[in-house]
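Data first, discussion second: the structure below is written as C-alpha cells.
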Amino acid sequence: MSKNFGFFLLFLSVPSFAANSALLTLSKGAGLIMPEYALQSECRIYADHVEIDRSVGNLVSGLEARNLQVNLAQVTARLQEAQAGKITETPVPSDIPERRYTGVAADGKEVLLLSRASGQTNTSSSAVALKNFLDMVCGESF
C-alpha cells in the first residue's frame, strides 16, 4: 500500500465536521425571572476554538471567543458512545433554571448529555466525561 493511500484511509477514519458546527454545547438559562436578572449563556466548543455567548435577558450581551485545539478523534468516539447511552428522567420543578449539555455525533444527530430543566440524564460514562469537559473548558462561572 502506498503512503498516500494510507494517509487517505486515515483521513477517512475520522469523521469530518464543518468548521462552523459546534461539537459540544452547554446552554444555561435563568428560569422564570425578571429580564434584568435573567443571566443566560451558551458555550460552544468547535474543533479549533470556543465561543461563549452571554446575555442578561435581551438587555445586554457579549461574545467571547478563544483558541482551543480539540482532540477530534477522542470527542467523536465519546459522542458515539454517549449516543448509545440510556437517558433517564427524574421529575423536576417546572421553573428551575436550565443547564443543557449536548453534542453532535458524526451522523449529525444531537446527543443529549444532560438537561437539568427536563430532568433528563444520559447515564453513559462517555456522556459524563463530555459534560465534565464542557464544565472544564467553559468554566463554572460563565
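The values are calculated or read from the model by the stated rules, or taken from the named source; none is laboratory data. Everything quoted here is computed from the prediction, not taken from an experiment. Side chains are part of the model used for accessible areas, which takes the heavy atoms of the whole protein and leaves out ligands, DNA and RNA. Shrake-Rupley method; radii C 1.70, N 1.55, O 1.52, S 1.80 Å.
Descriptive notes on the structure:
- Calculated accessible area for region 11-142 comes out at 57 Å² per residue, all protein chains present (probe 1.4 Å; ligands, DNA, RNA ignored).
- Karplus-derived 3J(HN,Hα) values for region 124-134, using 6.51 cos²θ - 1.76 cosθ + 1.60 with θ = phi - 60°, are 5, 5, 5, 5, 5, 4, 5, 4, 5, 5, 4 Hz; glycine and proline are entered as x.
- Convex hull volume per residue in cubic angstrom - Cα atoms of region 77-126: 64 Å³
- Sulfur and carbon atoms: percent of accessible area, region 16-68 [1.4 Å]: 55 percent
- Amide H contacts of ARG99 (H built 1.01 Å from N, under 5 Å, at least 5 apart or other chain): GLY29, ARG116, ALA117
- For LEU68, nonlocal amide neighbours, meaning residues 5 or more places apart or on other chains whose placed amide H falls under 5 Å from its own, are HIS49, VAL50.
- Rg followed by Dmax, in Å, when region 12-136 is reduced to its Cα trace: 15.2, 50
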